[in-house]
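The values are calculated or read from the model by the stated rules, or taken from the named source; none is laboratory data. Just so you know, these numbers come straight off a predicted model, no measurement behind them. All Cβ positions, even for glycine, are placed from backbone atoms using ideal geometry, and neighbour counts span all protein chains on display.
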Amino acid sequence: MWMRSELKDRAKEVLKGTYWKAFLVSLILSFVNGGSGGSSGGSGANTVHVSSGEGWYTLLPALIFIGLIAVAIGLLLRIFLGYPIEVSARRYFVQAAKGEVTLHHLGYSFKRDRYISIVGAMLYKGVLIFLWFLLLIIPGIVKAYAYSMVPYILSNNPNIGYKRAIQLSKQMTNGEKMNIFILDLSFIGWFLLGVLTFGIGLLFVMPYYNATKAELYIALRHIAVENGLSSREELNLTSM
């Protein structure tokens, strides 16, 4: 059993003396998770003069095409760059809890023997969550929590397989989703304070939040191994 206060206390200890590295990793993670999407505003130097309101309809197909291209570029960046960076960032925070505080972890997912497996598993997770959200909002949120451990699992074993990563994440979060939701809610004061500073404050809260979520994964991972849901070998753990 884990307690919110203990996770937060351990996160604070990890951040002592390493905060700015965690800040940089969190900044990168926020960027790739926040849908950086290639916003091609397409503000050209030429001015188009339209003599009547009907003229705008002639521009509509071009605007739709540009919009679709922008969305496609954003999705490709998210899938082939954002997903690997997310897994690498999660690995940084998990390893930082063990004292391995190095930015080299950011390149973890881009090794030849890991990249395709990580992208495939994260894409599978993303598609599943998207389909659940198409069904209804609440089921989508529930499944997002159920699959939330996937990037952490991949940070331990990138070749575990996309189905097994989803399965193990569901097992880890089984009976824990409400507790995880409450853990997230416990940061709401910090997030509101960050919003009041025009969002800038959020950037300084994220290292604390990300370090705490890494501690949560470590706790759930330990429980999973203890209960025989996984093994130290499957998660590439040399010591508990």
Worksheet item: Taking the stretch 90-110, which residues are among the small types (Gly, Ala, Ser) and in contact (Cβ under 8 Å) with a residue 24 or more places away in the chain?
Response: 96, 97, 109
Response to the item:
Of the candidates 191, 198, 187, the one satisfying the condition of being surrounded by fewer than 19 Cβ atoms within 10 Å (Cβ to Cβ), under 23 Å from residue 6 (Cβ atoms) and at pLDDT below 95 is 191
Worksheet item: Of all residues in the stretch 77-116, which are under 14 Å from the mean Cα position of the chain (by Cα) and of a type in the set (Lys, Arg)?
Response: 78, 90, 91
Response to the item:
How many residues of the stretch 140-179 are more than 19 Å from residue 237 (Cβ to Cβ) and not polar (S, T, N, Q)? The answer is 16
Discussion item. Take residue 162 and tell me if it is in contact with a Lys or Arg (Cβ under 8 Å, 6 or more places away or on another chain) and within 27 Å of residue 5 (Cβ to Cβ).
Written reply: no
Worksheet entry | Subset of the stretch 220-240 [aliphatic (A, V, I, L, M) and within 12 Å of residue 173 (Cβ to Cβ)] | 220, 223, 224, 229
Item to complete: Kindly indicate whether residue 148 is assigned to a loop (DSSP other than H, G, I, E, B), under 30 Å from residue 115 (Cβ atoms), hydroxyl-bearing (Ser, Thr, Tyr) and within 17 Å of the chain's Cα centre (by Cα).
Response: yes
Item to complete: Could you tell me whether the stretch 16-34 includes any residue that is touching a helix residue (DSSP H, G or I) at 6+ places or on another chain (Cβ under 8 Å), over 30 Å from residue 176 (Cα atoms) and modelled with pLDDT under 85?
Response: no
Worksheet item: Regarding residue 231, is this residue under 18 Å from the mean Cα position of the chain (by Cα) and at pLDDT 95 or above?
Response: no
